Amino acid sequence: MTDAQKRQIRSMRMDGIGYKAIANSLGLNVDQVHLYCRMNGLAGDGTLVKANYSIWCKQNNRCPVCGEKLRQPKTGRSKKYCSGRCRTRAFRDKCN
Ligand SMILES: [Zn+2]
């Protein structure tokens, strides 16, 4: 599975699209898609994925925009996004 496919799985799950439809459109196996979703906080009811994902990211120390693992600073405020680019993207998404 390529990074591009992973990104697409995430964004399709955010739109509430099912595993089978994702697998078909990306030319992947349903089991592969399901496993990836289970490992990455994208499993469960399609309508709830979006709401659950931000909670999952917080619990698992992941960037809610790209799913990258966050490197938290030893001191000071904990980071919510992996990079300035993701933070900007998150804010832009909220405005739409
Ligand atoms: Zn990120």
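The values are calculated or read from the model by the stated rules, or taken from the named source; none is laboratory data. All figures in this text were calculated on a predicted structure; none of them were measured in a lab. Side chains are part of the model used for accessible areas, which takes the heavy atoms of the whole protein and leaves out ligands, DNA and RNA. Shrake-Rupley method; radii C 1.70, N 1.55, O 1.52, S 1.80 Å.
Probe radius 1.4 Å, ligands and nucleic acids ignored: give me the carbon and sulfur share of the accessible area of the chain as a rounded percent.
50 percent
Here the gap between Arg71 and Asp3, fully extended at 0.36 nm per residue and compared with their Cα-Cα distance, gives a gain of 22.5 nm.
Determine the calculated [θ] at 222 nm for the chain from helices alone, applying -39500 (n - 2.57) to every DSSP H run no shorter than 4 residues and normalising by the residue count; nearest 500 deg cm²/dmol.
On the way: 5 runs with 57 residues, N = 96.
Calculated mean residue ellipticity at 222 nm is -18000 deg cm²/dmol.
Proximity of backbone amide H atoms, modeled 1.01 Å from N, is registered between Arg62 and Leu70 at under 5 Å, excluding neighbours fewer than 5 places apart on the same chain.
Solvent-accessible surface of the stretch 3-95, averaged per residue with a 1.4 angstrom probe and all protein chains in place: 69 square angstrom. In straight Cα distance, which aspartates and glutamates are under 18 Å from Lys69, not counting same-chain residues fewer than 8 positions off? Straight-line reach from Lys69, under 18 Å: Asp3.
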